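Participant: Pasting a structure here, questions to come.
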Amino acid sequence: MSEVSFDEESTLAPIPQVRSSQAALVGLVMRWGFAKDAKGAQTVLVGVVVAAVILAIAVPLLMREKEIPLVAPAAPLPTGSYAP
C-alpha cells in the first residue's frame, strides 16, 4: 500500500484566462463609436439598462386592455315605478 501516490498537480490543466463579459461589452461599445473610453462606455451601458427597465415596466402597462363599457349603464328606476 505504500506505493500509492497521487500526482494531482501535474495532471491538472491550467485554467485559461477569459475576458469578462463586462469588459467585452465595454470594448464593443467603444468599437462601435458610442463612447471614447471605458468610463463613457459604462455610462452608455447603464443608460441601456435603465431604458430596458423602463420599457419592461411600461409596455405591459400600456398593452393591457382597458374596460370600456359598450352600453351605458341603465339608470335606476324611481321607487314604485315599473319598466314599460
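Participant: Name every residue in region 5-27 that is of a type outside the set (G, A, S) and at pLDDT 80 or above, in order of residue number.
Facilitator: First, the residues of region 5-27 that are of a type outside the set (G, A, S): 6-9, 11-12, 14-19, 22, 25-26.
If the condition is that a residue be of a type outside the set (G, A, S) and at pLDDT 80 or above, then L25, V26 are the ones that fit.
Participant: Can you tell me which of M63, M1, M30 is at pLDDT below 65 and of a type in the set (A, V, I, L, M, F, W, C)? Working first, answer last.
Facilitator: On the way: M63 fails: at pLDDT below 65; M30 fails: at pLDDT below 65.
Of M63, M1, M30, the one residue that is at pLDDT below 65 and of a type in the set (A, V, I, L, M, F, W, C) is M1.
The values are calculated or read from the model by the stated rules, or taken from the named source; none is laboratory data. Because the structure is a prediction, the values reported are computed rather than measured.
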